[in-house]
Amino acid sequence: MLRAAAGRAADRLARAEHAPLPEMQARVDRILDLVGRVAAGVDAATIDQLERFEQDEPATTVVPRHHIDCLRSEFLTELEKPTPNYNGSENGGGGGPAISAAELVATLAAMERVGGELAFGRRSDFIDRLSSPGALEAVIEVAHDMRSPLASILFLVDTIHRGQSGPTTAVQNRQLGLIYGAALGLSNMACDVIDAVRGHRLIDGQPEPFSIEELISAVCAVVHPVGEEKGLPIHVVLPTVDGRLGYPTAISRVLLNLSSNALRYTEKGSVTIGCTEMANDVIEFWIKDTGSGIPDTVLSMLYSGFRPASNGLRFSSAGLGLAICRSLLEAMSSELEVETSPEHGTRFSFRLTLPTA
């Protein structure tokens, strides 16, 4: 599994960094070696003495963090594939004999350790950075490190909840739902901190082809356990023409933020993630919930960024979520609109010009 994931990770990184594939494969293979040593119990002092990617490279940059993140992403994707069972049949979800629960936890923990200790440097280096002009970037990297293990928690909780590790009781399912909701909230918060500073990077470069159905399905897959735990169905409305040109990562980020918060503030009814075709390649995305609506006194403060936690507003207490959505949409020449009432809930929407791919 790790070897297959490493091959895809190397290909992705080579294309993203315009590097020769053999060179990138060698770098990823070195990361695999480090992860294997850590998973086997090699202590940090020994790891610190391992040869570096380049002889003159400082010890604080032994492993590029985004390389670890890419490998982890591909590894989690590999786990979801069907694997041969003992009797020759296929077992979905990667839950066959290829890797045990203990091995899975050890591997993910090793990736975190390699991506944390070896990519970020020693603790004293971090403390020095917090007191330097680069303190903001240091905080951003901490948020980045939070997001990675939270993604692993979300994956593992969802896997257990779907019965991949054996049957669970109703009480356990309830507890898993609560864990998933809490981890998703923390993950969104980490993403908000990162995107507040680096969100513009999601819209760098040229528009790329993507599938609206796949994009919305991916968002639904992330928030579905939260809806299931609260007994809220998530409905989907898709356009007639699926393939479009745009910035799928930024669009997904906005939809994930809006849908997760719609579920958080809806106690009964449902949440709908929709996409409607308008004229001249204009697509409207919208999130509709059946919650209690947003008071008029709050509407004027929705986009104010940081704000006191005591005002009881939707989204994070710092107010970053909605401000980031608006910032990303402005970069795509759009704006976020809201319709709300106590009787009909809340509907957030935005329109984008997305040519047919």
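Rule-based calculations on the coordinates, nothing more; no lab input. Because the structure is a prediction, the values reported are computed rather than measured. For neighbour counting, all protein chains shown are included, and Cβ atoms are generated from backbone atoms with ideal geometry for every residue, glycine included.
The packing ranking, built from the mean of other Cβ atoms within 10 Å per residue, places the peptides 225-235, 167-177, 246-256 in the order 246-256, 225-235, 167-177, highest first.
Per-residue packing, averaged as other Cβ atoms within 10 Å, sorts the ranges 183-191, 258-266, 236-244 into the order 258-266, 183-191, 236-244, beginning with the highest. When each of Cys325, Cys70, Cys220 is scored by the number of other beta-carbon atoms lying within 10 Å, the sequence from fewest to most is Cys220, Cys70, Cys325.
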